[in-house]
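The values are calculated or read from the model by the stated rules, or taken from the named source; none is laboratory data. Since this is a predicted model, take the numbers as computed values, not measurements. Ideal geometry is used to build each Cβ from the backbone, glycine not excepted, and the neighbour counts take in all protein chains shown.
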Amino acid sequence: MTARPAGGGGPPDAGGFARSLLRTKPVDRIVAEGGRGTGGELRRTMGLLQLTLFSVGATLGTGIFVVLGSAVPLAGPAVVASFVLAAVTALFSALSYAELAGTIPVSGSSYSYAYATLGELVAWVCGWCLLLEYGVSVSAVAVGWGAYLSAFFDTTLGFTIPAELADPPGGGGIVNVPAIVVVALAAFLLLRGASETAAANTVMVFLKIGVLLFFCAVAFAAFRSGNLSGFAPMGWAGISAAGSKVFFSYIGFDAASTAGEEARNPRRDLPLAIMLSLAIVTVVYVLVGLAAVGAMHWTRFGGADSEASLANVLDAATGAAWPSAVLSVGAVIAIASVVLTVMYGQTRILFAMSRDGLVPPVFQRVSPRRSVPVANTVIVAAFIGLLAGFVPLGRLVDATSIGTLFAFALVGLGVIVLRRTRPDLPRGFRVPLYPVTPLIGVALCVYLMVGLGGITWLVFLLWGLLGLVAYFAYGRRHSRLGRADA
């Protein structure tokens, strides 16, 4: 009997197959390849301010404009404490992101961190989940932009966008034109270049923070201390329930980590941007929450118009229509900023996955003139635009939350693995109280994942199975790391 030569045509041994799925990409190689794509390189143009506002832009969106209406009835005036509780929960994941962003400053965010620490298959699943999270969530946000734009037109001009042009098929319309328009505008800015994108986002973030501070000024003028009596009518259980409700308003603080290859000083600035953005968003949320429950008694929140809770507060405080119109402008700007920054993040994660060979090479082609992945951006914009314009997303949007939590948990695990395997690496930031902090972050993510509904889990598992099919059909066969190890 002739022995089969190594590397012959027979089936690979099970051990070798398992090792190929768990192969990690060396950090030094990941960093060395940073910024390079086919045809050109990404340009390092972003400083600390732009990076911080990227994360603020991705986080400070629709959540604060609609979340109070459903959170206040759960906690009463103690919703302020719920925002702090949610911020502390997000902080554990943010600290882990800050360490890995300062250690592996590349565009792939949690995908690249998982590749360096937990292996290729885990990294693929993470990247695949991010594609669902980014693609579906930004489509849903674009749909919301159309609703707020229509409300603004109705309030200020007495004009309502016809339902046929403001809703997708199955939702009462033919095509959601405003959603496609905002995606196209975001794509136009992204194609102009990273510095132009950052400049536009900076303007939008300052405008929407200004609108929210305007809300606080008006609401605090009508503040009544008696509205805070019986501060926590539902006790800790109510604060905790409302905290879970508002937690997802904090998702987006990691956006700066997708700009690792376009930051001028990534090891220093990426960790700072992540932590500063979380602090800024927390302060804004607490101020808005305190102003709202101080100006209007908490029992008046909720009901059929809960999504217009901030507008209701302004109406109660002033009795005039113009403050609500100003708030609508803020909502339109806030949502446009989220569309821009999340689309940016998706193009950069696809760029990193393509450079590793796990998705087709078209996604890493960089324009020498603009230093942006042009084809990547056009494909992403077309996909998101079609999804937002023609598909009623419904409850699929809720399933994006589980992908986010999954990525957060992997980042916490990645910190622990990299501390053990590469303690020598230069780190721009170190998680305090290691390993307790990342472990708490992982536990909190798992806890929130377990609490999500059955449909959310079903969509997550089906999407994961589809991702495994895609990996074994394409990614594993074209993996640059796999070819290098062959």
Q) All but one of (1) modelled with pLDDT of 75 or more; (2) surrounded by fewer than 21 Cβ atoms within 10 Å (Cβ to Cβ) hold for Thr62; which doesn't? A) (1)
Q | Pair list, Cβ under 6 Å, 6 or more apart: the range 24-41 residue closer than 15 Å to Leu425 by Cβ, other residue aromatic (Phe, Trp, Tyr) and not in a loop (DSSP other than H, G, I, E, B) | A | Lys25/Tyr115
Q: Go through the range 453-486 and count every residue that is modelled with pLDDT under 85, among the small types (Gly, Ala, Ser) and assigned to a helix (DSSP H, G or I).
A: 3
(Q) Can you confirm whether Tyr471 is in contact (Cβ under 8 Å) with a residue 40 or more places away in the chain and among the aromatic types (Phe, Trp, Tyr)? (A) yes
**Q.** Condition met for Val72 (surrounded by 24 or more Cβ atoms within 10 Å (Cβ to Cβ) and in contact (Cβ under 8 Å) with a residue 40 or more places away in the chain)
**A.** yes
Q: For the range 411-468, name all the residues that are farther than 20 Å from Val122 by Cα, small (Gly, Ala, Ser) and surrounded by 17 or more Cβ atoms within 10 Å (Cβ to Cβ).
A: Gly428
Q: Could you tell me which of the residues Arg395, Arg419, Arg369, Arg348 is in a helix (DSSP H, G or I), modelled with pLDDT under 90 and basic (Lys, Arg)?
A: Arg395
Q) Could you say whether any residue in the range 133-144 is in contact with an Asp or Glu (Cβ under 7 Å, 6 or more places away or on another chain) and hydrophobic (A, V, I, L, M, F, W, C)? A) no
Q.
Pairs please, first residue from the range 103-127 and over 27 Å from Arg44 (Cβ atoms), second anywhere and β-branched (Val, Ile, Thr), Cβ atoms under 6 Å, 6+ apart in sequence or on different chains.
A. Gly119/Thr24
Q: Residue by residue through the range 172-194, note down the ones that are more than 17 Å from Val338 (Cα to Cα) and assigned to a helix (DSSP H, G or I).
A: Val177, Arg192
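Here is a list: Gly37, Gly16, Gly108. Which entry is assigned to a strand (DSSP E or B) and among the small types (Gly, Ala, Ser)?
Testing whether each residue is assigned to a strand (DSSP E or B) and among the small types (Gly, Ala, Ser) leaves just Gly37.
So that you can scan it fast, the table gives a plain yes or no per residue for (1) in contact with an Asp or Glu (Cβ under 6 Å, 6 or more places away or on another chain); (2) crowded, with 22+ Cβ neighbours inside 10 Å; (3) closer than 28 Å to Asp315 by Cα:
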| position | (1), (2), (3) |
| --- | --- |
| Val203 | no, no, yes |
| Lys208 | no, yes, yes |
| Leu213 | no, no, yes |
| Phe220 | no, no, yes |
| Pro233 | no, no, yes |
| Lys245 | no, no, yes |
| Ala263 | yes, yes, no |
Q: Give Gly389, Gly385, Gly357 a once-over and let me know the one that is surrounded by 17 or more Cβ atoms within 10 Å (Cβ to Cβ), at pLDDT 90 or above, small (Gly, Ala, Ser) and not in a loop (DSSP other than H, G, I, E, B).
A: Gly385
**Q.** Every residue from the range 221-254 that is of a type in the set (Val, Ile, Thr) and assigned to a helix (DSSP H, G or I)
**A.** Ile239, Val246
Q | Residue that is surrounded by the fewest Cβ atoms within 10 Å (Cβ to Cβ), among those in the range 313-335 that are farther than 26 Å from Asn201 by Cα and either in contact (Cβ under 8 Å) with a residue 60 or more places away in the chain or of a type in the set (Lys, Arg) (or both) | A | Ala321
Q.
Any residue that is closer than 19 Å to Ala334 by Cβ and either within 20 Å of the chain's Cα centre (by Cα) or modelled with pLDDT of 90 or more (or both) - is there at least one of those in the range 160-179?
A. yes
